[in-house]
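The values are calculated or read from the model by the stated rules, or taken from the named source; none is laboratory data. Everything quoted here is computed from the prediction, not taken from an experiment. A quick note on method: Cβ atoms are made from the backbone with ideal geometry, for glycine too, and the neighbour counts reach across all protein chains shown. Please note that ligands, DNA and RNA were not included when accessible areas were found on the heavy atoms of the full protein model with its side chains. Shrake-Rupley method; radii C 1.70, N 1.55, O 1.52, S 1.80 Å.
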Amino acid sequence: MNQSMLAIRHTSAEDIRELIDLAAQFKADIEAGREVDAGPRRTIGLLFFENSTRTRVSFEQACNYLNYRVVNFSGSGSSLSKGESLKDTILTLKHERLEAVVMRHRASGAAQLAAEYFGGPLVNAGDGQHEHPTQALGDGLTVLSHKGKLEGLRVAIVGDIMHSRVARSNAWLFSKLGCEVRFVGPRTLIPGSTAKLPGEVYYDLRTGISGADVVMCLRLQKERMTEGRLSSLGEYRRLYQINRRTLKWAADDALVMHPGPINRGVEVDDLTADGPQSVISDQVTNGVYVRMAVLNWVFQKQMAAVAK
Ligand code: ASP
């Protein structure tokens, strides 16, 4: 199991640093047009049971750079639509000799279960509201490359904490690497269980982002909201939108982040999303390098375990 990447919560600070360093090395190679040394050629299954644009393409691009083969699989158009269980689907892929699986699934905890069935390296590409570890690693690399350090930074995660796996993975990653983490949003979107996460809760945007070095906006995840959690979008915008007026409450050189897809004009306005403090496009590019690092790293771990 230790050769999988399932959750940042269960990844040590040392491993996180190693992964970010490896990603930075891949980034330098690719930007310099150098061949990447990724070891033996592998076959990776990409299993997306839930919609994705960025994450899916970025894993595929990571495999291209690593010279790994990709087998694509999606929930619709497979035997899942005939009622096949997750267990049987994963076992089928195992017997078809895929060497690693990247999986996104709408159920929290599905990645852990699938890793147990698969037995080999499994990379969680987002499981329900639980974790999205490669997003957090890419965000860590992005902040590090802009700020030159992570230790001591104040990171404010703003918005729909309740439904966000990005918030959870990032809270673990930034706190493990020595940042002060804050959760900011309306009470209806910050569940009581947030108390188990590393970070202070703020219901007032101004206080919550004051002096923040990083303002991370989250998408309002309407597809996961089973009941009305907001009185109106207009009210949300008025109280929690990151825009030129509210960004002034953060540090002057604060980075603005968003994992995408953006509800433009809701959690962040256009001028800020596309403005000089935004590093949203870097998050996307760095996502490719950290996915290369994670895929390569799980195989390195596997080889080390076999050699023991
Ligand atoms: N793309 C991210 C995720 O899959 C964030 C989002 O969808 O809002 O969790």
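For region 84-223, divide the Cα radius of gyration by the Kirkwood radius and give the resulting Rg/Rh value with two decimals. Walk me through the numbers on the way to the answer.
On the way: Rg = 17.0 Å, Rh = 16.2 Å.
Here the Rg-to-Rh quotient is 1.05.
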>> Assuming 0.36 nm per residue, please report the length gained on full extension of the stretch Lys222 to Ser12 beyond their Cα-Cα distance.
In response: 72.4 nm
> Can you give me the pair-distance distribution of the chain, C-alpha pairs, 10 Å bins, whole percents?
Replying inline: 6, 28, 34, 22, 9, 1
> Counting only protein heavy atoms, what percent of the accessible surface of the chain is carbon or sulfur at a 1.4 Å probe?
Replying inline: 47
> How many angstrom lie between the C-alpha centres of region 211-289 and region 135-158?
Replying inline: 15
>> Only helices at least 30 Å long along their own axis, judged from Cα atoms, and with Kyte-Doolittle mean hydropathy of -0.5 or greater: name those in the chain from DSSP H.
In response: 280-307
>> Going by average Cβ density within 10 Å per residue, which order do the peptides 281-289, 93-101 take, highest to lowest?
In response: 281-289, 93-101
> How much length is gained on full extension from Lys248 to Asp21, taking 0.36 nm per residue of separation minus their Cα-Cα distance?
Replying inline: 78.5 nm
> Viscosity 1.306 mPa s, temperature 10 °C: Stokes-Einstein D of region 244-290 from its Kirkwood Cα radius, in µm² per second?
Replying inline: 140
>> Rg/Rh for region 183-230 to two decimals, with Rh computed the Kirkwood way over all alpha-carbon pairs.
In response: 0.97
> Which one of Arg245, Arg106, Arg224 has the biggest mean-square fluctuation once the chain is modelled by GNM with Cα springs under 10 Å?
Replying inline: Arg245
> Taking only the alpha-carbon positions of region 99-145 and ignoring solvent, what does the Debye formula give for the base-10 log of I(q)/I(0) at q = 0.18 Å⁻¹?
Replying inline: -0.55
>> I'd like to check one number: the per residue accessible area of the chain, probe 1.4 Å, reported in Å² as a whole number.
In response: 44
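Which FRET efficiency value, to the nearest 0.05, is calculated for Arg187 and Asn51 with the Förster distance at 25 angstrom and r the Cβ-Cβ distance? Working shown, then result.
Values: r = 29 Å, r/R0 = 1.14.
Computed FRET efficiency for Arg187 and Asn51 comes out at 0.30.
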